Amino acid sequence: MKALLPVLLLSLVSITAIWAKGGLPINDLCPVDGKAGRVIYRVFSDKGTIIFCCATCMDSYQQNPGHYTIKPKTEK
Ligand SMILES: [Zn+2]
């Protein structure tokens, strides 16, 4: 019983983390071609949610994530 608790706690934390990430994209513009990003095209990375302008850009990024620079959102 004691061993089960940390496992439950850990899965709860990761679910919360995914949820929080999902709502907050870190960028405004598509990192592939600089167009306006759309929330439906998104990738979850260790940096957070990254949004893209289209599925093609999303695929390009996923094939070579290190190649693109994510420009973080500017605070308004
Ligand atoms: Zn794009």
Could you identify the single residue in 60, 45, 11 that is modelled with pLDDT of 95 or more and small (Gly, Ala, Ser)? 60
With the requirement that a residue be closer than 10 Å to residue 27 by Cβ, charged (D, E, K, R) and within 15 Å of the ligand (Cβ to nearest atom), what does region 43-76 give you? 71
Specify the residue that is surrounded by the most Cβ atoms within 10 Å (Cβ to Cβ); the eligible residues are those in region 56-75 that are part of a loop (DSSP other than H, G, I, E, B) and of a type in the set (Ser, Thr, Tyr). 68
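The values are calculated or read from the model by the stated rules, or taken from the named source; none is laboratory data. Treat the numbers as computed from the prediction; the structure is a model and nothing was measured. Glycine gets a Cβ as well: all are built from the backbone with ideal geometry, and neighbour counts include every protein chain shown.
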